[in-house]
1. Can you give the FRET efficiency to the nearest 0.05 for residue 244 and residue 146, using r as the Cβ-Cβ distance and R₀ = 35 Å?
2. With every protein chain kept in place and ligands, DNA and RNA left out, what is the accessible area per residue of region 102-196? Probe 1.4 Å, answer in Å².
3. State whether region 61-128 is rounded, prolate or oblate according to the following rule on the C-alpha gyration tensor (a ≥ b ≥ c being the square roots of its eigenvalues): a/c under 1.5 gives rounded; otherwise a/b larger than b/c gives prolate, and the remaining case gives oblate.
4. Pulled fully out, how much extra length does the chain show between residue 92 and residue 166, if you take 0.36 nm times their separation in residues and subtract their Cα-Cα distance?
5. Between residue 193 and residue 230, how high is the FRET efficiency from 1/(1 + (r/R0)^6) when r is the Cβ-Cβ distance and R₀ = 25 Å? Nearest 0.05.
6. Looking at this model, which pairs from 153/246; 67/155; 155/190; 67/133 are more than 31 angstrom apart at the alpha-carbon?
7. How large is the accessible surface of residue 192 in square angstrom, using a 1.4 angstrom probe and rounding to the nearest 10?
8. Take the alpha carbon atoms of region 103-131, find their center, do the same for region 60-93, and report the distance between the two centers in whole angstrom.
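The values are calculated or read from the model by the stated rules, or taken from the named source; none is laboratory data. As the structure is a computational prediction, the values presented were derived from the model and not from experiment. Heads up, the Cβs are rebuilt from the backbone with ideal geometry, glycines too, and the neighbour counts pull from every protein chain shown. Surface areas here come from the heavy atoms of the whole protein model, side chains and all, with no ligands, DNA or RNA. Shrake-Rupley method; radii C 1.70, N 1.55, O 1.52, S 1.80 Å.
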Amino acid sequence: MGNFAGMIVGGLGGIAILVLLIVFFSFVPVGLWVTAFFSGVKMKLSDLIGMRLRRVRPGKIVNPMIKATKAGMDIRVGDLEGHYLAGGNVNTLVDALIAAQRAEIPLDFERAAAIDLAGRNVLEAVQVSVNPKVIETPNISAVAQDGIEVVVKAKVTVRANIERLVGGAGEETIIARVGEGIVTTVGSSKSYKSVLENPDSISKVVLDKGLDSGTAYEILSIDIADVDVARNIGARLQTDQAEADKRIAEAKASERRAMALAREQEMKAEVEAMRAKVVEAESQVPLALAQALKEGNLKALDYYDLENLKSDTQMRHSIAQGSTDPKQLSQ
């Protein structure tokens, strides 16, 4: 009975030891420490435990550290761990430092870390610094002084400038500045033919403007890939201007016509008003004659003389109008 109990206690103790070993090796990366030790990386086991406690994945630090040590670089573990905690890519950082060392490009750890934390790919920057990159611009439309539109496409060869990677403008700025330079150069040309005959003159003028100032790149060359003749902008503008002038003239003519019609209607209204006044005045004449006869201011002979004068006036008016009607002549 006692032996059986001892066996149970011994089995439980072995299980506990096994569990403790599993927990220990899962928390403490002993295998990673052994790899680092045989790779020549001076690192304590307590450093790996501290990384676990600081929630740093040891593999993200140890493996880049091994690469840096094999490359002959002197980098401290604390610097890599601090860069990792700051949100940087430690593996890319070390690869960039190794590539810069092999290419004899002056790049220290602090500058490389700043470039990486600024959001730029530091390894790609080193690669572009060694192997220049070609940026192709979209089709850029420009108009020469003779009014002909020219469409230009250029290829810009750039090299990364390590010193200006932090705070320097990117590819979009290079493309925009090259486009602006092409538009200015073509616009200063007297004829589109000169642009077609000497497309290299565009690249020379644009390259002399120092377009890479304040950017993360250094422009090595600007090559004109294609030049096409597009629309006749000058003729189109003249046509549009003539059409606009025509519409303005038509609008002014319509305005004058409307004013003339309004004036005609106004004059007709005035004539009608005058006719109405004449009719009203004529209607008052018989009353005035009757009143004059009644009061003795007008004698009967004077009235007859007035009627004869009136009839004679009407006859003369009818003769003047060419009328031969006896009734009108007798009236």
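1. The calculated FRET efficiency here is 0.95.
2. The answer is 50 Å² per residue.
3. Because a/c hits 1.5 or more and a/b fails to exceed b/c, region 61-128 counts as oblate.
4. Fully extending the segment from residue 92 to residue 166 adds 25.0 nm.
5. 0.95
6. From the list (153/246; 67/155; 155/190; 67/133), the Cα-Cα distance tops 31 Å for 153/246; 67/155.
7. 60
8. 14
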